[in-house]
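The values are calculated or read from the model by the stated rules, or taken from the named source; none is laboratory data. If you're wondering where the values come from, they're calculated on a predicted model, not measured in any experiment. Ligands, DNA and RNA are stripped out before the accessible areas are found, and what is left, the full protein with its side chains, is counted by its heavy atoms. Shrake-Rupley method; radii C 1.70, N 1.55, O 1.52, S 1.80 Å.
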Amino acid sequence: MPANKKYLSSPFQRFLKITGGFAGGYVVMVSFHLMLTCIFADKDIVITAYLSGYVLWAVLLLYAFLVKNGWQIWVLYPALAAVFYLLFYFLHA
């Protein structure tokens, strides 16, 4: 039995969600771990990022598909990445 059409998103919205979740989630994950280097030692973050980075990226990728509009992901993820990077920039100086 096919899915109900009212629950499916358009092809462009799917493209926005896939690319936003994949690339945006990765950028947010990297900037988050970069920010953590201000709090913890660099070598500890690199070791921790092997596991927590993948889990965080997967959660961000899944979250992209839970949002109704793909543009929200393309606004939210760069904003989060900018906040994490600015925290790193000002705390690390």
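Once the Cα atoms are used to define both axes, helix 25-36 deviates from the longest principal axis of the chain by about 20 degrees. Taking the longest Cα principal axis of the chain as reference, the axis of helix 70-92 is set at about 0 degrees. Taking all protein chains into account, the per residue accessible area for the chain stands at 72 Å² (1.4 Å probe).
Carbon-plus-sulfur accessible fraction, the chain (probe radius 1.4 Å, protein heavy atoms only): 75%. Full extension of the chain segment joining residue 42 with residue 10 gains 7.3 nm, where the gain is 0.36 nm per residue of separation less the Cα-Cα distance.
Think of it as helices only: each DSSP H run of n ≥ 4 in the chain is worth -39500 (n - 2.57), and spread over all residues that comes to -25000 deg cm²/dmol at 222 nm.
For the chain, with a Gaussian network of springs between Cα atoms less than 10 Å apart, report the residue from 54, 77, 26 with the top mean-square fluctuation. Between 54, 77, 26, it is 54 that shows the largest mean-square fluctuation. Once the Cα atoms are used to define both axes, helix 42-66 deviates from the longest principal axis of the chain by about 20 degrees.
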